[in-house]
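Have a look at the structure below, then the notes.
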Amino acid sequence: MSLGLLPDAPPGLPGLPVASDAAALATGCDLVLGHRDGALSLWHPGGPETPLCVDFAGGKTGYRVAADRVRHEKLVRAAGNMPENGVVIDATAGLGRDAAVLAAAGWQVVLLERQPVLHAMLSDGLRRAGALAQRMTLVNADSLDWLVTHPAVAQVVYLDPMFPEREKSAAIKKDLAWLQQLSPIDDEAGEAALLTAALTAAGKRVVVKRPLRAPLLPGRKPSHQLAGKTVRFDVYVTG
């Protein structure tokens, strides 16, 4: 995958510096990173798709984190009763959408993201997130390594491993396809290792988000499940 970096992209990221969107297209870049409408964004050079950015206040995420909506989220229910100063580790932060829901529900959320471009986009999103960002801490780290070296720091560990999406929505396909280009899907052994580390690190439970009909992660069976229309949450009680 070839990534074009416009002049206003953050320094130090892996990719090919390009002067413009047209230059990225001419040099065969698959994706280009730069600022659009004040947000660090990713898009297909010369393509018709809307650029992808991390936005915690607008769009679907803004709807999900609204005070009158967040308590109805199945993810919040799956996380269980929140203790005082409760901490969730989102070990697969991605675009941070689920982390924002948990933060809006009152949890302190640690977002782990190893991929440098996604980390930069998350950092930019948090810069624009207002008060919500006070409950979100972003860490550029490999989730497996971090969980192994930080045991018992959180009540809940949340995992949302990427899975080949079967939804028909073009927007979902675009987001998933671009994320997979940046950060390929883990194999079964990698998923099993991550679940094992999460089970060791979580004080109360591990929550795993899966497509509704996807197989369980390899290893231990969940204690219970919460199912929605298209996804389910597998809950592993640890304490």
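Residues that are over 22 Å from H119 (Cβ atoms), out of contact with any His (no Cβ under 8 Å at 6 or more places or on another chain), at pLDDT 95 or above and not hydrophobic (A, V, I, L, M, F, W, C) occur at least once in region 147-160. Restricting region 51-68 to residues that are assigned to a loop (DSSP other than H, G, I, E, B) and in contact (Cβ under 8 Å) with a residue 40 or more places away in the chain leaves a set whose member that is surrounded by the fewest Cβ atoms within 10 Å (Cβ to Cβ) is A57. Filtering region 13-37 to residues that are out of contact with any Cys (no Cβ under 7 Å at 6 or more places or on another chain) and part of a loop (DSSP other than H, G, I, E, B) leaves L13, P14, G15, A19, S20, T27, G28, C29, D30, D37. Checked against the criterion of being more than 12 Å from the chain's Cα centre (by Cα) and within 26 Å of H224 (Cα to Cα), the candidates A105, A93 yield just one match: A105. Selection over region 191-208 of residues that are over 17 Å from the mean Cα position of the chain (by Cα) and either of a type outside the set (K, R) or in a helix (DSSP H, G or I) (or both) gives a count of 9.
Against the numbered list (1) within 21 Å of the chain's Cα centre (by Cα); (2) over 22 Å from G125 (Cα atoms), D68 comes up short only at (1). Listed conditions (1) in contact (Cβ under 8 Å) with a residue 12 or more places away in the chain; (2) at negative phi are all met by G219, apart from (2).
The number of residues in region 218-239 being within 18 Å of the chain's Cα centre (by Cα) and at pLDDT below 95 comes to 2.
The values are calculated or read from the model by the stated rules, or taken from the named source; none is laboratory data. These numbers were taken from a predicted model, which means no experiment stands behind them. For neighbour counting, all protein chains shown are included, and Cβ atoms are generated from backbone atoms with ideal geometry for every residue, glycine included.
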